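Report on one structure; see the data block that follows.
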Amino acid sequence: MADQEVELNKSMAAAERMSGKTQVIEAETAKLVKLVEKEKEAELISMKAEIDLQIATIRANAKRYVTEKEADADLINAEKGAEGLLKVRMAEAAGEKLRNEAMQGSGGNILVALEAAKNLNITTLEVSTVENDFLDLDAMA
């Protein structure tokens with residue numbers, strides 16, 4: 001029995017030594033786990049920053065693209081508007097030129113008289129058929 005007690009004491013001493021080593025290993029393991037967690041956290045923060053930068057770059061490029069396209073559209077709109085206005089003004093000028101040419105011809109006086117007659121605002125007119133003979137065109141001229 002004494003031998004068994006000696007062996008038991010040896011085993012207990014060995015277990016005690018191993019317990020200290022186990023605690024050291026557990027502490028080192030816990031330290032390594034925390035270090036790995038901190039590294040992982042730092043890597044995630046770095047990855048998030050890179051993604052945020054990529055997103056900001058994409059948004060800036062999209063905004064630049066939209067601005068360029070809107071500017072292009074505004075320019076095209078202004079050009080087409082100016083072209084249309086030019087065509088309207090040229091047509092008006094051509095019409096006025098043709099009107100002036102027509103006015104210089106033999107029918108110009110008649111056209112002026114017709115325009116003048118259209119501008120008259122006569123509500124009533126009384127003409128005596130006794131004093132005027134409307135069938136005598138030579139006398140009326």
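Observations, loosely collected:
- Note on the chain: GNM, Cα springs under 10 Å; of Asn100, Asn119, Asn109, the largest mean-square fluctuation is that of Asn119.
- Span per principal axis, largest first, for the Cα atoms of the chain (Å): 172, 33, 14
- Relative packing of 21-28, 131-138, which averages over residues the other C-beta atoms within 10 Å, highest first: 21-28, 131-138
- Simple spin-label estimate for Leu135 and Met18 gives 15.3 nm between the two label positions (7 Å along the Cα-to-Cβ direction from each Cα).
- Among Ile58, Ala71, Val130 the positive-end extreme of the charge dipole of the chain (Cβ point charges): Ile58
Each value in this text was obtained by applying a stated rule to the coordinates, not by laboratory testing. This is a predicted model, so every value here is computed, not measured. Methodologically, a virtual Cβ is constructed for each residue, glycine included, from the backbone with ideal geometry; neighbour enumeration extends over all protein chains shown.
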